[in-house]
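Report on the structure given below.
The values are calculated or read from the model by the stated rules, or taken from the named source; none is laboratory data. Fair warning: this is a prediction, and the values are worked out from it, not measured in the lab. Note that we place each Cβ from the backbone using ideal geometry, even for glycine, and neighbour counts take in every protein chain shown.
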Amino acid sequence: MFDISQQMEVFPTTVDLKRIDPSLNMRRFYRMSVQPDLFGGACLVREWGRIGFRGQMLIEQHPDEGRAVNALMKLAATKNRRGYQAFGNSSETTRNSVVFMDAADCGGNVDVLHVGEPRR
């Protein structure tokens, strides 16, 4: 019925964030991606550090892709509250964008995360 290769992803598998504050000499990045592992599960790969430098990496193992995506979305919401913003043009919402409402923002604040293309 549906061509799998053309079906859009509902949940992101990669999120790239940045936080820049020149007054504090702060230039940080935070990158998260969900990748399959060799045992049928999924890993949430987290990379962070100063923009222009290598940074650090942490790999979290999850039993399935759904739980890894849930962890990614929860972490992205936390980073968004701390001032991180999505890479790219925030004025245009593309097929790889995710719109979510933060539970703490019940006043109607909606955030858009622009999701990066998967690594090759």
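For Val115, state whether it is modelled with pLDDT of 90 or more, under 15 Å from Pro12 (Cα atoms) and of a type in the set (Val, Ile, Thr).
no
Report yes if Gly49 is among the small types (Gly, Ala, Ser), over 13 Å from the mean Cα position of the chain (by Cα) and modelled with pLDDT under 95, otherwise no. Give the steps one after another, and end with the answer.
Details: among the small types (Gly, Ala, Ser): yes; over 13 Å from the mean Cα position of the chain (by Cα): yes; modelled with pLDDT under 95: no.
No.
Give me a count of the residues in segment 22-59 that are surrounded by fewer than 16 Cβ atoms within 10 Å (Cβ to Cβ) and part of a strand (DSSP E or B).
Qualifying residue count, segment 22-59: 10.
Of everything in segment 1-33 that's over 23 Å from Ile51 (Cβ atoms) and β-branched (Val, Ile, Thr), which residue is modelled with the highest pLDDT?
Going through the qualifying residues, I end up with Val10.
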